Amino acid sequence: VIRIALWLLGGVLLGGIVHLTTVLWLPDLATQDAYSRLAPVAPINAVTALPAPTPEKSVVPFLDPAFAMAVCRYDLSDGPLKFSVPVSPAYTSVSFYTRNDVAYYAINDRAAGRRVIELELMTSEQRADLPGDEEVTAADRLIVESPTVTGLIMIKALAPEPGLMSVAQAALTAAKCAQQPQQG
Amino acid sequence: VRLLLGTLFALCVAALVGLGATWLALTQGQAFGGLAVGAWTAWPRHGTAAIDPYARAMVARSGELPVGSGDGLAFQARTDDRGNTLDGRCDVVLSGLTPQARYWTITLYDHDGALVRNSVERHGFTSHEIVRRANGTFEIVVSPRSRPGNWLPSGGIERYVLVLRLYDTPIGVATRGREVTMPTITRRQCP
């Protein structure tokens, strides 16, 4: 009996390890996470407008229907990305997600303090490779470091009432998300 | 033979316990580190890089994108203030004030995160649309049948979840529950 109890205890301990491992692994194995859901509809390094969520279909669950939304699925392996979007009359925000849907950075129109939210997205290595003399102008630039090479940029513009949805959508059509020309 | 049987037994127990615990934690469990106010809970850390592994696994499984902390904060409620599950066949009243924010929206979803079909195609309100009383408070009635004032149709579904999102808000990781005022959720009548 003691022997069975010991085996049982060992099994439970091992079970604890299995539990922790699966929890940590799950984000890498998930095939229905937000990034994977958006991959078929959003081309790399381009802004794609997301259709408004409806009861029948929503690309990603729990989207806020009061917003016009667009997404840029990025890949920084060929160099940094330049991103810009004009702010809409009500409220505009830009959120950055890693490949595993971790929201590592978000900024809204007020925090950006300008009529256009403009920033550069790069990996830590690419930032370290920036030529030294560019530091002079760096105060003027908003640089966001992505923890992963690929990820998502979610652009949202609020329509405070349904009639203003077209205004919000119009602001997003001017959003740009493109590879920077290689610097000599 | 005994050793082999024992090992097999232990491995079976391990698989059962381990996978069972993971499944339970991700489907039944409530994430920890939440900011609870009445029936509402928000997880400010889920919108940052400091999100815990359990929440990451839940996010990966559900396929949602958490609201980034520089954008806003989402509170969700699955029960009323007395702990009854929100039932779309009942009349439920939200009443009071929301915390400080430039804008807020309230949206009704089913438990899978899909909007709920209804005849007037209303799935929520923004802070601009809501009709308020003279003192600034408001009342929203969630009901399967039309109601005067701020009517949020429930579509008559069995269970739903309310999500109140604050945009451009000072509420975040450092906020405590008692500093926050959220609307009360009261069940008025059930068939």
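Filtered by the rule that a residue be within 14 Å of chain B (Cβ to nearest Cβ) and assigned to a strand (DSSP E or B), region A:109-135 gives A:117, A:119. Do we have any residue at all in region B:12-28 that's under 30 Å from residue B:71 (Cβ atoms) and small (Gly, Ala, Ser)? Yes, region B:12-28 contains a residue that is under 30 Å from residue B:71 (Cβ atoms) and small (Gly, Ala, Ser). Where strands (runs of 3 or more DSSP E) fall entirely within region B:105-163, those with at least 1 residues that are more than 10 Å from every other protein chain (Cβ to nearest Cβ) and hydrophobic (A, V, I, L, M, F, W, C) are at B:138-143, B:150-153. Only one entry of B:118, B:135, B:150 meets the criterion of being out of contact with any Phe, Trp or Tyr (no Cβ under 9 Å at 6 or more places or on another chain) and buried (at least 18 other Cβ atoms within 10 Å of the Cβ), and that entry is B:118. Is it the case that region A:55-75 has a residue that's modelled with pLDDT of 90 or more and touching a His at 6+ places or on another chain (Cβ under 7 Å)? The answer is yes, given that some residue of region A:55-75 is modelled with pLDDT of 90 or more and touching a His at 6+ places or on another chain (Cβ under 7 Å).
The values are calculated or read from the model by the stated rules, or taken from the named source; none is laboratory data. Quick caveat: nothing in here was measured; it's all calculated off a predicted structure. Cβ coordinates were reconstructed from backbone atoms using ideal geometry, including for glycine residues, and neighbour counts include every protein chain displayed.
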